[in-house]
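Q: Below are the structure tokens for one structure; questions will follow.
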Amino acid sequence: MPLPNLSPPPRWPLRFTDAIDELNRLIGLIAIWLVLLCTLVSAANAIIRYSSGALLWLEARTGWGLFGALSTFYANNSNAFSDTSWYMFAGIVMLGGAWTLKVNAHVRVDLIYGAVSERTRTWIDLLGGLFFLIPLCTLLIYFTWGWAWTSLVTQEASANAGGLPQWPAKILLPVGFFILLLQAVAEIIKCILALTTKYVREFAYEKPAQ
Amino acid sequence: MIDFIRANMAPLMFGGLVVFMLIGYPAAFSLSAVGLFFGIAALQLHLIEPEFLGNLAYQLYSVLSNDLLLAVPFFTLMGVILERSGLAEDLLEGFGQLFGGIRGGLSYAVIFVGAIMGAITGTVAASVISMGLISLPVMMRYGYNVRHATGVIAASGTIAQLIPPSLVLIVLASQLGVSAGAMYIGATGASIVQVLLFSAWVLVLSIIRPKHVPALPPEARTLHGRALALKLIRGMVPSLALIFVVLGTIFLGLVTPTEAGAMGVVGALALAAFNRRLNWPMLWQGMVATMRLTSMVIFILLGSRVFSLVFQGVGGSHWIESMLVSLPGGQIGFLLFTMAFIFVMAFFLDFFEIAFIIIPLLIPAATALDIELVWFGIMICATLQTSFMHPPFGFALFYLRGITPREVRTRDIYLGAIPWLFLQVALVVILIFFPQLVTAFLAPASTTDLNTIQITLPPDQNGDLDAPPAFDISPPTFN
């Protein structure tokens with residue numbers, strides 16, 4: 001029940017949350033594009049791998065050098081390709097996590113959450129954000145940052161011969177938890193505004209589709 | 001007090017998980033928060049070493065670099081594209097016309113098309129929505145009982161979970177540590193039994209309740225002869241091609257399930273383009289939905305890794321294992337108990353939550369009881385598909401509710417699901433008592449007993465260097 005004498009939300013916290021929302025929307029767009037790219041790279045990887053015989057046959061028939069060069073290029077870089085596809089997968093997960101939080105799409109056990117009022121839900125999100133999400137993001141950044149940094153400065157190589165260096169994938173963990181932390185702060189501010197002013201939270205929770 | 005906490009850390013941690021999950025904060029975050037909170041407490045009580053939590057980074061990284069889980073976005077995107085590609089329409093109309101003349105014919109068509117859709121994509125949503133949109137209006141127009149119609153559509157869409165190449169099987173394979181290919185082969189027998197069970201039920205209905213499943217009148221069967229054959233070919237050829245691209249290449253050992261998923265997306269795009277349904281808004285929506293689902297699912301897994309690392313550190317897996325192994329009834333008792341447990345849990349938890357939280361707890365006990373993990377996995381999958389069907393939280397029922405006209409009451413959808421739910425439970429029981437349905441198709445495990453291998457060493461030459469040592473080069477005997 002909205003109380004009658006609530007004031008409109010103040011400007012500056014909203015500007016702050018809008019900035020974080022916009023940042024994570026842009027990062028989320030990268031994650032969305034990665035879905036398509038990742039699929040195409042994986043499919044191309046599988047198709048080229050099993051058509052290498054066809055490529056060599058085409059080369060023998062045409063003698064253009066193009067198909068042979070393609071086949072050699074692939075043979076020398078196949079581990080880099082397969083590394084690319086799971087780096088992109090890591091990108092989908094870690095870069096998309098914050099946006100998924102923003103649109104309230106992280107799955108919940110909604111036995112209680114589904115039955116209580118909007119105000120109680122806001123309280124659950126507020127306390128959960130303060131006592132669960134912010135500490136856990138901070139701790140996980142703490143646990144992964146030094147580890148990823150070491151990988152970067154030592155230029156840790158791939159576990160597969162000819163693969164890519166490991167730091168781009170490793171660095172995604174602290175980066176992902178950092179943008180999640182930012183979004184958590186924004187969501188907490190939104191919860192406080194929703195509890196004290198006329199502000200209405202944008203995304204209601206719905207069970208995700210499978 | 002401190003001693004009590006120290007001795008019962010694992011049960012306390014488990015209790016904490018249940019309480020915090022129930023509050024309704026997103027599961028991924030509750031899991032990791034509970035894990036980290038108890039991790040720090042265990043550190044203070046000297047139950048784990050400070051370095052132990054340093055493993056977290058590697059644990060999280062191993063989730064992201066898991067080749068099997070890479071299949072999650074692929075199969076999701078493929079399902080979304082197929083749902084809008086018009087494939088199911090041709091199939092359903094064709095088979096509906098073909099079987100329509102007999103009692104229950106439309107139900108058989110739905111079951112059959114559900115199985116084909118399941119063999120192309122593993123997503124329930126794609127099957128239920130397309131079948132609900134196309135078949136339900138026809139079934140209602142020609143006097144099928146509403147409860148039966150909604151039930152058969154929801155159930156036939158749900159078997160997509162069990163029929164390879166489903167996402168559920170891939171996720172279970174990654175959790176159980178078995179190969180996804182073995183899970184697919186093992187699931188084949190079970191899916192056939194499921195389709196037969198469903199068809200048998202329709203047959204029974206057509207005898208005891210013929211009014212619920214009437215035959216179509218002749219004027220409703222407009223397609224005959226060549227037109228009908230063309231319609232069927234139009235539906236079947238692309239389906240078979242896609243089934244080959246995805247399943248055939250896996251079974252032939254040409255590609256991994258992950259790559260097959262990626263190629264399936266390309267195939268689905270080609271099919272949608274062929275049916276003139278491919279456009280940018282549709283693809284973009286699919287990408288957005290896939291990104292959200294992938295991120296949500298893998299975040300739960302990241303959270304559960306944090307939880308289970310600490311849980312194992314404080315001896316949790318031993319605690320669960322000792323409880324489960326001491327159940328009466330040995331293997332059968334354990335299986336009946338765990339399946340009943342998963343069945344009940346599925347009322348409250350999502351499939352992914354069950355796969356990532358509950359199943360890792362069950363694996364040590366299953367191994368200790370010498371249960372074939374592929375068999376165990378197929379049974380879990382069969383049990384989990386009930387979670388899509390049981391009122392009031394089943395996803396398949398939600399999807400159906402979303403697309404059915406107003407005159408179909410929610411109550412009808414719920415009641416209609418119940419007989420099919422029993423059929424699914426019957427499948428689990430059949431699987432428990434006839435493991436051959438799963439294991440007969442698997443390559444037999446190596447039966448060499450390592451204790452009986454004898455390796456013949458060269459005879460002692462007493463340091464006599466005049467001649468090279470005489471090696472016995474006959475092959476070792478394996479008894």
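Nothing in this text is a laboratory measurement; each read-out follows from the coordinates by a stated rule. If you're wondering where the values come from, they're calculated on a predicted model, not measured in any experiment. FYI the Cβ positions are ideal-geometry reconstructions off the backbone, even for glycines, and counts take in every protein chain you see.
Q: Over the alpha carbons of the range A:60-145, what is the largest minus smallest coordinate on each principal axis, giving the biggest first in Å?
A: For the range A:60-145, the Cα spread along each principal axis is 72, 31, 17 Å.
Q: Cα-based Rg (one decimal) and Dmax (whole number) for chain B, in Å?
A: Reported Rg and Dmax, both Å: 26.1, 100.
Q: Additional query: So if a site counts as exposed when it's one of the GluC sites (Glu not before Pro), its DSSP state isn't H, G, I, E or B, and it has at most 12 other Cβ atoms within 10 Å, what's the longest stretch of chain A without one? The partial results should precede the final answer.
A: On the way: sites that count: A:E202, A:E206.
Between exposed loop sites, the widest span is A:1-201.
Q: Of all chymotrypsin sites (Phe, Trp or Tyr not before Pro) in the range A:23-126, which ones are in loop regions per DSSP and have a Cβ with at most 12 other Cβ atoms within 10 Å? The partial results should precede the final answer.
A: Values: sites: A:W33, A:Y50, A:W57, A:W64, A:F67, A:F73, A:Y74, A:F81, A:W86, A:Y87, A:F89, A:W99, A:Y113, A:W123; in loops: A:W64.
Loop-located and lightly packed - A:W64.
Q: Then there's this: Kirkwood hydrodynamic radius, computed over distinct alpha-carbon pairs, for chain A: how many Å, to one decimal? Mind dumping the intermediate values first?
A: On the way: mean 1/r = 0.0490 Å⁻¹.
About 20.4 Å, per the Kirkwood formula over Cα pairs.
Q: Sort the range B:1-59 into rounded, prolate or oblate with this rule: let a ≥ b ≥ c be the square roots of the eigenvalues of the Cα gyration tensor; rounded if a/c is under 1.5, and if a/c is not under 1.5, prolate when a/b is larger than b/c, oblate otherwise. It would help to have the intermediate numbers written out before the result.
A: Working: a/c = 2.98, a/b = 1.17, b/c = 2.54.
Oblate is the answer for the range B:1-59, as a/c is 1.5 or above yet b/c matches or exceeds a/b.
Q: Using a Förster distance of 30 Å, how high is the FRET efficiency between B:L240 and A:E202, based on the Cβ-Cβ distance and rounded to 0.05?
A: Working: r = 45 Å, r/R0 = 1.51.
Result of the calculation: an efficiency of 0.10.
Q: Starting from the exponent 0.38 and prefactor 2.2 Å, build the expected Rg for the range B:198-246 from its residue count and divide its actual Cα Rg by it. Mind showing how you got there, number by number?
A: Numbers: Rg = 15.8 Å, N = 49, 2.2 N^0.38 = 9.7 Å.
Relative to the rule-of-thumb radius for its length, the range B:198-246 sits at 1.64.
Q: Same structure again: Run down the lysines and flag those whose C-alpha is under 27 Å from the C-alpha of A:K102, throwing out any fewer than 8 positions away in its chain.
A: Within the straight-line limit of under 27 Å, A:K102 reaches these lysines: A:K170, A:K190, A:K198, A:K207.
Q: For the range B:234-302, what are Rg and Dmax over the alpha carbons, in angstrom?
A: Spelled out, the Cα radius of gyration and Dmax of the range B:234-302 are 14.3, 43 Å.
Q: Using every Cα-Cα pair within the range B:344-425, state what percent have a distance larger than 19 Å.
A: Details: 1538 of 3321 pairs.
Looking at the range B:344-425, the distances longer than 19 Å represent 46 percent of pairs.
Q: Still on this structure, please answer the following. For the protein assembly as shown, what D do you get in µm² per second when you plug the Kirkwood radius from alpha-carbon pairs into Stokes-Einstein at 25 °C and 0.890 mPa s?
A: Numbers: Rh = 27.5 Å.
Stokes-Einstein gives a translational diffusion coefficient of 89 µm²/s.
Q: Farthest toward the dipole's positive end in chain A, which of A:G96, A:L70, A:C191, given Cβ charges of +1 (Lys, Arg) and -1 (Asp, Glu) about the Cα centre?
A: Ranked along the dipole, the leading option is A:C191.
Q: So, one more: Distances over 12 Å make up what percent of all Cα-Cα pairs in the range B:161-209?
A: Values: 749 of 1176 pairs.
For the range B:161-209, the share of Cα pairs beyond 12 Å comes to 64 percent.
Q: Something else about it: With only alpha-carbon atoms counted, please give the Rg and Dmax of the range B:236-390, in Å.
A: Both quantities, over Cα of the range B:236-390: 19.9, 59 Å.
Q: For the range A:79-95, take each phi angle, set θ = phi - 60°, evaluate the Karplus expression 6.51 cos²θ - 1.76 cosθ + 1.60, and give the result in whole Hz per residue in order, putting x for glycine and proline.
A: Ordered by residue, 3J(HN,Hα) equals 5, 5, 4, 5, 4, 4, 5, 7, 4, 5, 4, 4, x, 4, 5, 6, 7 Hz.
Q: Rounded to a whole number of µm²/s, how large is the Stokes-Einstein D of the range B:75-215 at 20 °C and 1.002 mPa s, given Rh as the Kirkwood radius over C-alpha pairs? If you can, show how the numbers build up before the last one.
A: Details: Rh = 15.2 Å.
Here the translational diffusion coefficient equals 141 µm²/s.
Q: How high is the relative contact order of chain A? Use alpha-carbon pairs under 8 Å, at least six apart in sequence, and give a whole percent. All intermediate terms of the calculation are to be shown ahead of the outcome.
A: Values: 215 pairs, mean separation 69.3, N = 210.
RCO, chain A: 33 percent.
Q: Go through the range A:30-35 residue by residue and turn each phi into a ³J(HN,Hα) via Karplus (6.51, -1.76, 1.60, θ = phi - 60°); whole Hz please, and just put x for glycine and proline.
A: Computed from phi, the couplings for the range A:30-35 are 4, 4, 5, 5, 4, 4 Hz.
Q: Moving on to the next point. From the phi of every residue in the range B:73-79, what ³J(HN,Hα) in whole Hz does the Karplus formula 6.51 cos²θ - 1.76 cosθ + 1.60 yield, where θ is phi - 60° and glycine or proline is x?
A: Each residue of the range B:73-79 in turn: x, 5, 5, 5, 4, 4, x Hz.
Q: Say each of B:D3 and A:R15 gets a label point 7 Å from the Cα, pointing the same way as Cα to Cβ; how far apart are those two points in nm?
A: 6.1
Q: Further question on the same structure: Which value in Å does the Kirkwood hydrodynamic radius of the range B:187-317 take, with 1/r averaged over all unlike C-alpha pairs and then inverted? Don't jump to the answer; show the numbers that get you there.
A: Numbers: mean 1/r = 0.0498 Å⁻¹.
About 20.1 Å for the range B:187-317.
Q: Tell me the Kirkwood radius of the range B:72-127: reciprocal of the mean inverse pair distance over distinct alpha-carbon atoms, in Å.
A: Working: mean 1/r = 0.0858 Å⁻¹.
Taking every pair of different Cα atoms in the range B:72-127, averaging 1/r and inverting gives 11.7 Å.
Q: Report P(r) for the range B:1-138: all Cα-Cα distances, bin width 5 Å, range 0 to the bin holding the largest distance, values in whole percent.
A: Over the range B:1-138, the share of Cα pairs per 5 Å bin runs 2, 9, 13, 11, 9, 9, 8, 8, 8, 8, 6, 5, 3, 2, 0 percent.
Q: With an 8 Å Cα cut-off and a minimum separation of 6 or more residues, compute the relative contact order for chain B in percent. Walk me through the numbers on the way to the answer.
A: On the way: 670 pairs, mean separation 112.7, N = 479.
The value is 24 percent.
Q: If you don't mind, another one. Under a crude label model (7 Å from the Cα following the beta-carbon direction), how far is B:H318 from B:L228 in nanometres?
A: For B:H318 paired with B:L228, the spin-label model returns 6.8 nm.
Q: Next question, about the same structure. Per DSSP H run of n ≥ 4, the term is -39500 (n - 2.57); total these for chain B, divide by its residue number, and report the mean residue ellipticity at 222 nm rounded to 500 deg cm²/dmol. Write out the running numbers ahead of the final one.
A: On the way: 21 runs with 320 residues, N = 479.
Helix-only estimate at 222 nm: -22000 deg cm²/dmol.
Q: Computed FRET efficiency, Cβ-Cβ of A:A75 and B:A440, R0 45 Å: what is it to the nearest 0.05?
A: Values: r = 40 Å, r/R0 = 0.88.
Between A:A75 and B:A440 the formula returns 0.70.
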